[in-house]
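The structure under discussion appears below in the form of structure tokens.
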Amino acid sequence: MRSLLTLLIGQTMLWTGCLCLLMASLGSGAPLGGAKKSPNKLLLISFDGFRWDYDRDVDTPNLDAMAADGVKAAYVTPPFITITSPTHFTLLTGKYIENHGVIHNMWFNTSSQEKKPYYMTQFVNEWWDNGSLPIWITAQRQGRKAGSLHFPGTASSYQGERALVTDVEPRFYNYANETAWRENVDKVMGAWFGGQDLDFVSMYFGEPDSTGHKHGPDSPERRAMVRQVDRTVGYIRESARRHGLADRLNVIITADHGMRSVLRDGLVDEIILSKIPGFSFKDLSFHLVDFGPVGMLLPKEGKLETVYNALKGGHPNLHVYKKEEMPSRLRYSNNPRILPLLLIADPGYVINGFATLQFNKGEHGFDNEDMDMKPFFRAVGPSFRRNLEVGPFETVNVYPLMCHLLGIQPEPNDGSLDATRHLLASYEARTPEDHREIMSSVSTGLAAVAGFLVVVFLAVTSHAACQKRKAQKSMQYKMHSEEKEPDTKQTTM
Ligand SMILES: [Zn+2]
């Protein structure tokens, strides 16, 4: 009886366990197959500075075809500060900028006053390798093969590791050369995905950012460059077909930030710090200004309040924050590399030090809530739904999406697959038929558990009844024997 009871309880626990696992997998929305190696490859492409609405005033037949065959987001929201290296590292790590530490395009040293521009900073290993692993390394540690062409961060190693195949952008590279674009596309499709059987490649194009800076986002030159990007998107998909990859390659195309026209030419009162009463560069031991709409200052010891009070209210379109006062939604303060005073200009304004030395007609770096800072987002491939337009999401969520597509376990990050799960073909496949199927298996499981519980109940109650009868019998016997006991005792004594 006891062994049957144990067996029944064991069976019940097993069933309950199975049911819990099933419920947990439904609750978390995790793929029911677990983290198996994905048969599909993944290509992440960034067209620098491609604003979300650049397809509105230009015919983009190839981007339109990609949206019809895949997914288009209304726009995506980059992290603040909306500049190239920091926002690209967010795509690669899924972390906000204060959490991944690549806080600026420029490397700087506040003691030596040394600054390195964007390109040279690509080769400052410790600037990039400061605790967060980009997806190349995480993928490779889990048995995938990764490559990167020109993507910011490619030149660095991370904890001593780098992408298996890399192509670092040459110095003084001509970003606009369409022939070179096509050669690079064929290299990635043929030699990298084909020949070397890579699972993941990140690929970077420096346009339409350069043209947007030089001529402004509303210029005919920018529109022409968007046509070139569109032709390239067509070429990418054609090259994938030519190399036999079309049915096993997922492609995500997005950007790091948008672009906004700079207000100047006497139309507005430009921000020039040296002209603000009470402010002096002599009170600073280091400054990073003349770099678009955001500046960072390190006041000399004891001068923080002086500098802060002078600049605060010094220009109607200039916002001054102590590091600890930064609006928390910007997530740009909690990092030792960020300097004690931050200056942020209103959209359209740039921050000048001594004179107006910035001549770009277009600029980025502004508040990430500014619609002009939002990039585009498209995705196509076997893992994505078709002809689907979705609402916006933050670019921190691209990393967990990519990890899911590659079937790898992500590093800790600030994104969530929940933000993009509805883009996936597996999500569509699970609605509504699969959900019905899952619900029916849940019902079957529940029925089974209920059945076992009834059996256990019956077994336990009959066992208890049996025990009770035994106890009554034993009591009767005991009472009967106790009657005789004095005799026995007497006999013994
Ligand atoms: Zn950029």
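Each reported figure results from applying straightforward, stated rules to the coordinates on display, with no laboratory input. Note that the structure is a prediction, hence the values are computed from the model and not measured. Counting neighbours? That spans all protein chains shown, and the Cβs are built from the backbone with ideal geometry, glycine included.
Exceedance of the 23 Å cut-off in Cα-Cα distance is limited, within the set Lys116/Lys303; Lys303/Lys323; Lys41/Lys72; Lys116/Lys374; Lys214/Lys374; Lys300/Lys322, to Lys116/Lys303; Lys116/Lys374.
Taken about its Cα centre, region 264-314 carries a charge dipole of about 140 debye when Lys and Arg each add +1 at the Cβ and Asp and Glu each add -1 at the Cβ.
Which of the trypsin sites (Lys or Arg not before Pro) across region 160-212 are loop residues per DSSP, with 10 or fewer other Cβ within 10 Å?
The qualifying sites are Arg171.
Are there chymotrypsin sites (Phe, Trp or Tyr not before Pro) in region 69-166 that DSSP puts in a loop and that have at most 14 other Cβ atoms within 10 Å, and which ones?
Phe123
Each Lys and Arg contributes +1 and each Asp and Glu -1, all at the Cβ; summed about the Cα centre of region 154-273, the dipole is approximately 320 debye. Where in region 271-367 are there chymotrypsin sites (Phe, Trp or Tyr not before Pro) that are in a DSSP coil and have at most 14 other Cβ atoms within 10 angstrom of their Cβ? Taking region 271-367 and a limit of 14 other Cβ atoms within 10 Å, the loop chymotrypsin sites (Phe, Trp or Tyr not before Pro) found are Phe354, Phe359. Taking the charge dipole of region 271-359 about its Cα centre, with +1 at Lys and Arg Cβ atoms and -1 at Asp and Glu Cβ atoms, the residue from Val294, Pro316, Phe359 reaching farthest to the positive side is Val294.
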